[in-house]
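All remarks here apply to the structure that follows.
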Amino acid sequence: KVGPMGLAAKKVGDDIMKNTKAWKGLKITVKLTVKNRQAAVSVLPSASSLLIKALKEPPRDRKKVKNIKHDGNIPLEDVIDIARTMWPSSMAKTLALCTKEILGTANSIGCRVNGEDPTDIQEQIQNG
């Protein structure tokens, strides 16, 4: 609710639409920072939305297409880049642990990493 803060809901909605154009068809968290009755919009992507974006799937209409399988393949370098992006907001102490978190998310959405199952790569990281 932005009305009680003295902001125009239409303007805030347009700002959100403008900043989230790259994430069309994906659920994404948006952070609104209000200062001096000016709303600043920042996008906070989740691990799953970053992975789906890395799969380079075409945008879909969430109202019409349900229960989609994300059965693509992502290189491990992309997973590490996503882990670097998510590390500040993650509870993981090291980049390796954050990478394991991202691999777990990749496993849950159903994609593969370097042609392998993400749990196998998690075990490789665990063993060094």
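The values are calculated or read from the model by the stated rules, or taken from the named source; none is laboratory data. The shown structure was predicted, so the numbers you read here are calculated from the model rather than taken from an experiment. Here Cβ is always computed from backbone atoms with ideal geometry, including for glycine, and neighbour counts include all displayed protein chains.
A quick yes/no check of all residues on (1) touching a Ser or Thr at 6+ places or on another chain (Cβ under 7 Å); (2) within 27 Å of ASP81 (Cα to Cα); (3) surrounded by 10 or more Cβ atoms within 10 Å (Cβ to Cβ):
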residue: ASP15; (1), (2), (3): no, no, yes
residue: LYS18; (1), (2), (3): no, yes, no
residue: LYS21; (1), (2), (3): no, yes, no
residue: THR29; (1), (2), (3): yes, yes, yes
residue: LEU44; (1), (2), (3): yes, yes, yes
Q | Residue that is modelled with the highest pLDDT, among those in the stretch 70-111 that are assigned to a loop (DSSP other than H, G, I, E, B) and among the hydroxyl-bearing types (Ser, Thr, Tyr) | A | THR94
